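Below is one structure; the comments refer to it alone.
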Amino acid sequence: SAATADYGGMTISGDLSVGSGGAYQVRVDYTGGGGTAAADLVTVTGGAAFDSGAEVRHVATGDASVIDLTSQYTVLTASGGVTGAVGDITASSNLRFLKPILEISGDDLLMSFRRAFVFTDFGETPNQTAVANALDSLDLNNPDSLARVIASNGTDADDVGALYNQLSGEMHASLASG
């Protein structure tokens, strides 16, 4: 079953075990000022074990464009340590273009993010591909980067072509020639 808590966290007395097919859900609210985020944090007084096939689900709320792609977020801490093979734990997110990465560091389960795509994967026309190439060249670690705003706001794949058309001026050219 999914373990969730209000921002600020909750404490589990004893051990926590997330078995195969089980999920641990982490909400991160990115509405904090100055690029800060409030995250669910579960504190376990015993050990925390994640079996192969367990899932850690990231759910972003607020303006995810403030995600710091150079930071790690502590999403669980266990005084008895965290065990499990991170490569065998599925990490998912409601952010279409960012992939959550898990790391176990002593008593903590950490989550960070990396780009899960290249913009050119979604370019279908020459103009869309040109826009995609430009976006791929931008720094996602810059909070003011258009590429970062797009990547962190979960744009649906069906909407990407229309977005590229808007950025390239394709819509205006089509209207003028039509």
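The values are calculated or read from the model by the stated rules, or taken from the named source; none is laboratory data. Every value quoted in this text rests on a predicted model; they were computed, and no experiment measured them. For neighbour counting, all protein chains shown are included, and Cβ atoms are generated from backbone atoms with ideal geometry for every residue, glycine included. Ligands, DNA and RNA are stripped out before the accessible areas are found, and what is left, the full protein with its side chains, is counted by its heavy atoms. Shrake-Rupley method; radii C 1.70, N 1.55, O 1.52, S 1.80 Å.
Determine the pairs where a residue that is within 30 Å of Ala48 (Cα to Cα), located within the range 109-120, has a partner that is in a strand (DSSP E or B) and acidic (Asp, Glu) with Cβ atoms under 6 Å apart, the partner being 6 or more residues away or on another chain.
Leu110/Glu103
Restricted to the range 90-109, and to residues that are over 23 Å from Asp139 (Cβ atoms) and among the aliphatic types (A, V, I, L, M), which residue is least open to solvent (accessible area, probe 1.4 Å)?
So, considering only residues that are over 23 Å from Asp139 (Cβ atoms) and among the aliphatic types (A, V, I, L, M), the one least open to solvent (accessible area, probe 1.4 Å) is Leu109.
Can you pull out every residue in the range 119-153 that is modelled with pLDDT under 80 and surrounded by fewer than 15 Cβ atoms within 10 Å (Cβ to Cβ)? If you could, list the steps in order and put the result at the bottom.
Step one: list which residues in the range 119-153 are modelled with pLDDT under 80, which gives 139-153.
Across the range 119-153, the qualifying residues are Asp139, Asn141, Asn142, Asp144, Leu146.
Looking at the range 154-161, can you tell me whether even one residue there is of a type outside the set (A, V, I, L, M, F, W, C) and modelled with pLDDT of 75 or more?
Pass one, the range 154-161, residues of a type outside the set (A, V, I, L, M, F, W, C): 154-156, 158-159, 161.
Narrowing further to those that are modelled with pLDDT of 75 or more: 161.
Checked against the condition, which is being of a type outside the set (A, V, I, L, M, F, W, C) and modelled with pLDDT of 75 or more, the range 154-161 yields at least one hit.
Output the residues belonging to the range 75-89 that are surrounded by fewer than 15 Cβ atoms within 10 Å (Cβ to Cβ) and either assigned to a strand (DSSP E or B) or among the aromatic types (Phe, Trp, Tyr) (or both).
Thr83
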